[in-house]
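Beneath this line is the structure, given in structure tokens, with notes to follow.
The values are calculated or read from the model by the stated rules, or taken from the named source; none is laboratory data. Keep in mind that what you see is a predicted model, and the values were worked out from it rather than measured. In this analysis, Cβ positions are derived from the backbone assuming ideal geometry, glycine residues included, and neighbour counts consider all displayed protein chains. Surface accessibility is based on the protein's heavy atoms, side chains included, excluding ligands, DNA and RNA. Shrake-Rupley method; radii C 1.70, N 1.55, O 1.52, S 1.80 Å.
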Amino acid sequence: MITASCDRKTSARGRLFRAAWVAGLFLPVFHAVFAQSFTGDSIVSLPARPGVYRLVGHVKIEHGGNRIFSDYADYDQRTGSCQAYDNLRIHTSDNVYITGEVLDYDGATGSYVVDRNVVMKDGRMTMETPSLLYEGRQNRAYYKNGGRMVSGETELTSLRGYYDGRTEMFHCFDSVVIVNPDYTIWTDSLHYGKNGLTRFRGHTDIETSDYFMYGGRGWFNQDENKVSLQKDAYVKTKTSQTLYGDSIYYDLARKGGKVFGNVYILDTLRDCHLKGDYAENDEVAGYAMITESPRGVMVENGDSLFVAGDTMVMTYDTARHVKGLFVYHDVRFFREGIQGKCDSLAYCHADTLMRLFHEPRVWLQGYQIDGDTIKVWFSDNKPEKVLIQENAFVTTPVSEPQAYYNQVKGRRIWGYFNDSSQFRLAHVIGAAQSIYYVLGENPGELLGVNKTESQSLKMYFKDNEVQGVTVVKPSRTALYPAGDLTTRERTLRGFHWKPESWPRSKFDIYPVW
């Protein structure tokens, strides 16, 4: 093996630079030019290229703390640059190892261009690419023809990008895929740190064992198992629920998070849709809460219940099956055949029971129902029966211009409906009172007004008209000509007909769905 070197202590030019250093002149130039050596089985100078040597067999070049090994090389002693081929191995001054087949090394900048089956290793990180530019002074490695990086259990591929050895960050672009035993990410642009923090931009899909996620930008913390998503973001469980929003922060380990702006929660199993501008979801506790303009739609057998209020809570079991819906303060709801308002509402899927609390008011096929508490049971998605508890009152207009209204009141009222969701029976229990108008056979014919007071009564209906009344233990009953009664005498105490608050469509409870 032949060895060539340039020793600053023995050469005349070295003595000159040493004198310059003592005089305080620019030392780095001296190092860049003379901190070098090269060896090989054969070393031949190239007359046509002054200062350039051709090295063949067991080539070793040292320059500026970098070591290059190959089978063949042309080395420029003046600049420290070289072109090396075959069985290429590089050990940089930053302890980065690179292998390949072809090298173009720039001694002035300490940069490498390596081609063909390139492998770079930096600690636990390994990069594979067809072609690599390594900037030694910045400790950065660039690729533009596809690359594969492996760090621990994480594998990252992309069409182009670079690795920053100083920050131990991967910066990847175009068709980026990152695979880990716990997750997979597909994105347009990604910045991955060995500390487990991944930042991404562009269309990004993330899959874990429990979730599918998407965002236009955001970050994913592998160590803390948390994700932040923005721009058309969603988090979807692998069962039936999806959370959409402008911005989502989710703790995947604790199975909960927050959603901001244009919130949309979808449960496909129950066909339940909730919207708002802010939401919190807790899968362990089994609830999702929406505030800031919340509204919801629950679809059953093709019929939809529209609900709006100040706060909305959807509960679900451990299998993420929706159990119920709770709405608080200034509640309004609309459904074909039944509409209403109250201060709070609870709907249970198990028994298809809707409960309304605090000054509830319900409209059923033209009947206005009031009470302290109202419960409505559904069968085949239609009202089956209703219970009005305490201060129960049922009103239906006969002739609004004349202020004629059928009225029933009592402590409690059970109401039953036919298959067309029309009242067929009202059973009044306790302190029963009624005012109903007796109609003749001709349209608009009014025979009189019947007023009763009793312990209880049953009122029978057909086509929304009173067909008969059964009075139990009456204390008073009388039939009057309609014109003989004043407006006050034609109404029961507590009467209040409020058609202006009746939601006639879903847009009456919220303008946008």
Report summary line: Scanning region 62-76 residue by residue, those open to solvent by 20 Å² or more (accessible area, probe 1.4 Å) and either in contact with a Pro (Cβ under 7 Å, 6 or more places away or on another chain) or not in a loop (DSSP other than H, G, I, E, B) (or both) turn out to be E62, R67, F69, D71, Y72, D76
Query raised in the report: Residues of region 38-57 being open to solvent by 60 Å² or more (accessible area, probe 1.4 Å), touching a strand residue (DSSP E or B) at 6+ places or on another chain (Cβ under 7 Å) and part of a loop (DSSP other than H, G, I, E, B), which ones?
Result: D41
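When you scan region 141-240 for strands (runs of 3 or more DSSP E) that lie fully inside it, which ones turn up with 3 or more residues that are closer than 17 Å to R254 by Cα?
On the way: elements: 147-151, 154-158, 160-164, 169-180, 183-193, 197-208, 211-221, 226-237.
In region 141-240, 211-221, 226-237 are the strands (runs of 3 or more DSSP E) which contain 3 or more residues that are closer than 17 Å to R254 by Cα.
May I ask you to say which residue of Y367, Y347 is crowded, with 16+ Cβ neighbours inside 10 Å, in contact with a strand residue (DSSP E or B) (Cβ under 8 Å, 6 or more places away or on another chain) and more than 20 Å from R295 (Cα to Cα)? Walk me through it before giving the result.
Working: Y347 fails: more than 20 Å from R295 (Cα to Cα).
Answer to the check: Y367.
Of the residues D282, D271, D182, D246, which single one is under 30 Å from G147 (Cα atoms) and surrounded by fewer than 18 Cβ atoms within 10 Å (Cβ to Cβ)? Spell out the reasoning first.
On the way: D282 fails: under 30 Å from G147 (Cα atoms); D271 fails: under 30 Å from G147 (Cα atoms); D246 fails: under 30 Å from G147 (Cα atoms).
Exactly one residue qualifies, and that residue is D182.
Can you name every residue in region 459-513 that is more than 26 Å from E359 (Cβ to Cβ), assigned to a helix (DSSP H, G or I) and either in contact (Cβ under 8 Å) with a residue 24 or more places away in the chain or touching a helix residue (DSSP H, G or I) at 6+ places or on another chain (Cβ under 6 Å) (or both)? It would help to see each step written out before you state the result.
At the first step, the residues of region 459-513 found to be more than 26 Å from E359 (Cβ to Cβ) are 460, 462-463, 465-486, 489, 512.
Applying the additional criterion that residues be assigned to a helix (DSSP H, G or I) yields 482-484.
Residue satisfying the conditions is A482 alone.
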Report task. With the condition kept exactly as written, say whether any residue in region 399-410 is within 21 Å of R335 (Cα to Cα) and either of a type outside the set (G, A, S) or buried (at least 21 other Cβ atoms within 10 Å of the Cβ) (or both). Result -> no
Query raised in the report: Within region 158-180, can one find any residue that is of a type in the set (V, I, T) and in contact with a Lys or Arg (Cβ under 7 Å, 6 or more places away or on another chain)?
Result: no
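Yes/no matrix, rows are residues, columns are (1) within 24 Å of S240 (Cβ to Cβ); (2) touching a Cys at 6+ places or on another chain (Cβ under 8 Å):
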site	(1), (2)
M298	yes, yes
D310	no, no
Y316	yes, no
V322	yes, yes
Y328	no, no
F333	yes, no
K341	no, no
F357	no, yes
Report summary line: Only one of S293, S344, S247 is farther than 20 Å from S501 by Cα and at pLDDT 90 or above, namely S247
Query raised in the report: Of the residues A392, A432, which single one is open to solvent by less than 30 Å² (accessible area, probe 1.4 Å), of a type in the set (G, A, S), over 30 Å from K323 (Cβ atoms) and touching a residue at least 24 places away in the same chain (Cβ under 8 Å)?
Result: A432
Report task. Could you grab me the full set of residues in region 309-344 that are open to solvent by 10 Å² or more (accessible area, probe 1.4 Å) and in contact with a helix residue (DSSP H, G or I) (Cβ under 7 Å, 6 or more places away or on another chain)? Result -> R332, F334, K341
Query - Test: Y75 is touching a Phe, Trp or Tyr at 6+ places or on another chain (Cβ under 6 Å), more than 25 Å from G146 (Cβ to Cβ) and among the aromatic types (F, W, Y) - result: yes
Query raised in the report: If you take the residues in region 190-215 that are at pLDDT below 95 and small (G, A, S), which one is farthest from T239 (Cα to Cα)?
Result: G193
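Scan region 348-356 and tell me whether some residue there is closer than 24 Å to I509 by Cα and under 17 Å from the mean Cα position of the chain (by Cα). Can you show your working first?
Taking region 348-356 and keeping what is closer than 24 Å to I509 by Cα, we get 348-349, 352-356.
Next, only the ones that are under 17 Å from the mean Cα position of the chain (by Cα) stay: none.
Within region 348-356, not a single residue is closer than 24 Å to I509 by Cα and under 17 Å from the mean Cα position of the chain (by Cα).
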Query - Residue among S454, S475, S505 that is surrounded by 15 or more Cβ atoms within 10 Å (Cβ to Cβ) and at pLDDT 90 or above - result: S454
Query - Lone unmet requirement of (1) free of Cβ contacts under 8 Å to residues at least 24 places away in the same chain; (2) closer than 20 Å to G296 by Cβ for P401 - result: (2)
Query - Pairs, first open to solvent by less than 10 Å² (accessible area, probe 1.4 Å) and at pLDDT 95 or above in region 255-266, second basic (K, R) and in a strand (DSSP E or B), C-beta under 7 Å, six or more apart - result: V263/K275
